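The structure appears right after this line, and notes come after that.
The values are calculated or read from the model by the stated rules, or taken from the named source; none is laboratory data. Only a predicted model underlies this, so the values are computations on that prediction, with no experimental measurement involved. The accessibility values were calculated without ligands, DNA or RNA, using every heavy atom of the protein model including side chains. Shrake-Rupley method; radii C 1.70, N 1.55, O 1.52, S 1.80 Å.
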Amino acid sequence: MTIRNVLRDHGQRYRPRMACLKKAEKVVLEMQDPTTGVKLQPQRLVITTIPHAITGEDIVAWLADRFQIDAQEARSFGSMLVALGYIYPIQDHKRLVVKPDASLYRFQTPYFWPTQQWPVEDTDYAIYLAKRNIRKKGILELHEQEQYNHLHKWMNHKWDFIVMQAKEQYRAAKERKKPDRVVFDCQERAYWVVHRPPVRTHTGMFPSLQKTFMIFTQQSIMRPRVKSSVSIGALVKYCATYKGHDPFLSTCLPSNPWLTDDVTYWALNMPNVEIPTKMRVERWTFSFGELLSDPRGRDDFRLFLKKEFSGENLAFWEGCEDLKWGTAATMKEKAEQIYKTFLARGAPRWINIDGKTMEITVKGLKHPHRYVLDAAQTHIYMLMKKDSYGRYLKSPVFKETTKKAVCPEEHKFRNRRPSLSPIIIRQQEQEQKAKMAASAPVDITQVMSKLSQQGKEAPPRRTSVKND
């Protein structure tokens, strides 16, 4: 199973422009200036002293004085800086706005600024939620609990690694002083509130929920699922593998019957020939599909499965293919026969499939159709591909077939030209007859007799008489 870390990249036209972020950073740097910026001082929060904290009213006052704007506009500008993640609230972290009162705020460390363009990985978010779950002893907020359960289900294959990282970070955080620990927790929480906002929390990094869904859907449709380098590499590998088996790129052994009128090639490659050629046996090693698509290879694989007492798997797969490509009149009868032979309780050639697949198959057999057994057929196909196919290629049956396979030598015909088309031959015969008829001597008496006979047989012409 492939896990794709979906980055919430909604395109440059939907995200804040880089020029806008640079201007916001200049304002934040001015606000942090020791002489002309906002006054930073330790603030007491309950029993903990927060260093380098600022109040909401100080932010609004500084912005109003610096840009000569009113308090309402300054508050909106400050809220934009909070929504972009340059300033974060210490108390009410859910609301990314600036309150014009004594609420405490801090400047975000430049490491978390949006211009750094760090990829927002789901693994990092899972580690953060696991760490909060350890600290809060399983009591998370509603949106965090939903995200935690979703990521736990999605990343179950590496959840032990995530929990281990969370425990290590939690252990390292406990060694810090309490003010530093509180500040770091607020920084990290503010970063994830901006990049993984709760429901109905609008940040400067993302548009509204409906617009976000529309953009994500559009980009999912246009996004290629496979990298071009991977697909090109697979194409090159396929061409290199099948190059020797392409009659347009390599010679046919012993000869091309369309050019030499020698049908030995067709005789050696008949569907159920007793001894196959080496090139034909070689194709069986390319993939399991190549083996099953060749009737001779299927017979060889059937012999191997018979020795392993698992021939019912291939028989079931062939029965499903017959049902899929057979006539519609016998479709229901074939489906019932396959069920009684391979799937029913106490079936003579019972196959082993999981309960869920069996449930889907039995439910579909109530209204049978051509593809009613696709789930069970796919299950058996993958079972043979992953288990039996590998052992077949190493078995004495395959080695014996490879040993007996023939490698015909190339036929070399001297001055041999391909035969002409029947149409051309017929035209040449007609032309030859015409030439012979033209060159033959002509008997005048016979010609005159024929003309006289034709004149007698012809009907007399009617003449019209005009009355004066």
Percent of accessible area on the stretch 244-404 owned by carbon and sulfur, 1.4 Å probe? 59 percent
So what's the stretch 16-117 giving for Rg/Rh, alpha carbon basis, Kirkwood Rh from the mean inverse pair distance? 0.94
To the nearest 10 Å², what's His367's accessible area with a 1.4 Å probe? 140 Å²
Averaged over all directions, how much area does the convex hull of the C-alpha atoms of the stretch 244-404 cover when projected, in nm²? 11.5 nm²
Percent of Cα-Cα pairs more than 19 Å apart in the stretch 119-201, please. 36 percent
Pop out the carbon and sulfur fraction of the accessible area of the stretch 16-117 as a percent, whole number, probe 1.4 Å. 54 percent
Can you list the residues, at least 5 places off or on another chain, whose amide H is less than 5 Å from the amide H of Ile50, using H built in the peptide plane? Gln43, Arg44, Leu45
Going through the cross-link list Lys307/Lys363; Lys131/Lys178; Lys356/Lys386; Lys306/Lys363, which pairs have a Cα-Cα distance over 22 Å in this structure? Lys307/Lys363; Lys306/Lys363
Could you work out what % of the accessible surface of the stretch 119-201 is carbon and sulfur, using a 1.4 angstrom probe and leaving DNA, RNA and ligands out of the count? 52 percent
